[in-house]
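The values are calculated or read from the model by the stated rules, or taken from the named source; none is laboratory data. All values derive from a computational prediction rather than experimental measurement. In this analysis, Cβ positions are derived from the backbone assuming ideal geometry, glycine residues included, and neighbour counts consider all displayed protein chains.
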Amino acid sequence: MICKNCPRGCDTNKGRFCGVSGIKVAKIMKHFFEEPCISGTNGSGAIFFSGCNLRCCYCQNMPVSHGGKGEEFSPQMLYDAILELQKDGVHNINLVTAAPVLPSVAEVLGAVKAHLHIPVVYNSSGYEGDISSLDGLVDVYLPDFKYFDGDLAKRYSAASDYPEVAKKTIAAMCAQTGEAEFEGGLIKRGTIVRHLVLPSHRKDSFDVIEYIARNYPHALVSIMSQYTPQFNKGGRELDRRVTTFEYNSVVNRAAELRLKGYMQDRASASSVYTPEF
């Protein structure tokens with residue numbers, strides 16, 4: 001049987017690239033290190049799903065994305081966890097890397113949405129299958145746009161089709177949410193496109209943000225400097241931090257393009273900002 005949850009189309013008889021088949025949760029927490037409009041003062045109610053259909057060679061959450069660390073959850077357990085987070089006073093429900101189990105997550109959201117008075121954030125690698133089932137269930141999309149160059153995507157994430165998939169996925173996300181809406185400094189609806197600046201590849205970063213500027217007029221952009229070389233299992237060119245010059249040149253290009261959004265403090269390039277799993 002071919003899995004249709006994501007673009008990889010794995011033969012389930014041979015195993016899934018993501019390493020999971022049912023809902024598996026690695027951590028549930030109040031997350032204070034997302035963008036300010038998401039974390040706010042009370043934190044974002046993050047649910048980290050185990051397994052990943054991208055498994056980047058430099059991932060800072062390798063025990064979860066590569067190792068599959070986590071606990072098996074039933075749909076009812078996920079439903080209850082979402083309501084418990086809301087009861088705990090978080091600003092939103094933040095579903096992190098749910099692509100491998102999207103149909104199950106959409107089903108749970110369909111059941112719990114009427115009981116939520118806070119937004120649902122879908123935190124994505126940008127490498128998604130059909131997200132139409134999330135329309136009306138997700139209020140805020142938080143996708144990555146990691147690479148513009150398919151060769152880089154193949155080298156670091158074994159997904160040469162990543163750029164084309166991400167372009168279509170983010171377009172669909174923007175179409176569902178429209179222009180960003182805020183209340184009290186917190187985002188209630190919209191799409192924020194994240195881009196992690198990698199060492200040695202600022203030109204690819206330019207291509208990414210220029211594409212965002214041309215094609216997603218209502219999206220906000222979050223330019224990230226948190227790349228941490230200690231997690232790298234790939235090429236030597238990634239065995240260092242992003243320089244101030246590299247990062248600032250990307251931020252400056254975004255400013256030239258009049259993109260609105262966020263940039264990270266350079267201190268974020270540390271394992272201190274990585275949740276313990």
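Per-structure values
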{"read-out": "Some residue of the stretch 60-77 being surrounded by fewer than 17 Cβ atoms within 10 Å (Cβ to Cβ), in a loop (DSSP other than H, G, I, E, B), at positive phi and at pLDDT below 95", "value": "yes"}
{"read-out": "Subset of the stretch 96-142 [touching a Pro at 6+ places or on another chain (Cβ under 7 Å), surrounded by fewer than 20 Cβ atoms within 10 Å (Cβ to Cβ) and of a type in the set (Asp, Glu)]", "value": "107"}
{"read-out": "Output for the stretch 20-34, where each listed residue is at pLDDT 95 or above, surrounded by fewer than 21 Cβ atoms within 10 Å (Cβ to Cβ) and part of a loop (DSSP other than H, G, I, E, B)", "value": "32"}
{"read-out": "Test: residue in the stretch 171-181 that is free of Cβ contacts under 8 Å to residues at least 12 places away in the same chain and in contact with a Gly (Cβ under 9 Å, 6 or more places away or on another chain)", "value": "yes"}
{"read-out": "Total residues in the stretch 123-148, condition within 10 Å of the chain's Cα centre (by Cα) and either small (Gly, Ala, Ser) or under 12 Å from residue 172 (Cα atoms) (or both)", "value": "5"}
{"read-out": "Residue match in the stretch 221-229 (condition: touching an Asp or Glu at 6+ places or on another chain (Cβ under 6 Å) and under 25 Å from residue 180 (Cα atoms))", "value": "yes"}
{"read-out": "Qualifying residue in the stretch 127-138 (condition: closer than 19 Å to residue 29 by Cβ and in contact (Cβ under 8 Å) with a residue 60 or more places away in the chain)", "value": "no"}
{"read-out": "Residues of the stretch 1-37 satisfying the condition of being β-branched (Val, Ile, Thr), within 18 Å of the chain's Cα centre (by Cα) and farther than 13 Å from residue 49 by Cβ", "value": "none"}
{"read-out": "Pairs where the first residue, in the stretch 230-244, is surrounded by 12 or more Cβ atoms within 10 Å (Cβ to Cβ) and the second is among the hydroxyl-bearing types (Ser, Thr, Tyr) and in a helix (DSSP H, G or I), C-beta under 6 Å, 6+ apart", "value": "234/156"}
{"read-out": "Cβ-Cβ under 9 Å pairs, at least 6 apart or on other chains, the stretch 1-19 side assigned to a loop (DSSP other than H, G, I, E, B), far side surrounded by fewer than 18 Cβ atoms within 10 Å (Cβ to Cβ) and among the hydroxyl-bearing types (Ser, Thr, Tyr)", "value": "1/12; 3/12; 3/21; 12/21"}
{"read-out": "Of all residues making up the stretch 42-53, the number that are part of a loop (DSSP other than H, G, I, E, B) and surrounded by 24 or more Cβ atoms within 10 Å (Cβ to Cβ)", "value": "4"}
{"read-out": "Checking residue 160 against (1) of a type in the set (Ser, Thr, Tyr); (2) buried (at least 22 other Cβ atoms within 10 Å of the Cβ); (3) over 17 Å from residue 215 (Cα atoms), the condition it does not meet", "value": "(2)"}
{"read-out": "Residue, modelled with the highest pLDDT, within the stretch 263-277, restricted to residues that are among the small types (Gly, Ala, Ser) and assigned to a helix (DSSP H, G or I)", "value": "267"}
{"read-out": "Total residues in the stretch 20-53, condition under 23 Å from residue 80 (Cβ atoms) and touching a Cys at 6+ places or on another chain (Cβ under 7 Å)", "value": "1"}
{"read-out": "Selected residue (criterion: nearest to the chain's Cα centre (by Cα)) from residues of the stretch 73-105 that are polar (S, T, N, Q) and closer than 20 Å to residue 132 by Cα", "value": "97"}
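Conditions (1) within 20 Å of residue 60 (Cβ to Cβ); (2) within 18 Å of the chain's Cα centre (by Cα), marked per residue:
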{"site": "152", "(1), (2)": "yes, no"}
{"site": "166", "(1), (2)": "yes, yes"}
{"site": "199", "(1), (2)": "yes, no"}
{"site": "207", "(1), (2)": "no, no"}
{"site": "213", "(1), (2)": "no, no"}
{"site": "219", "(1), (2)": "no, yes"}
{"site": "223", "(1), (2)": "yes, yes"}
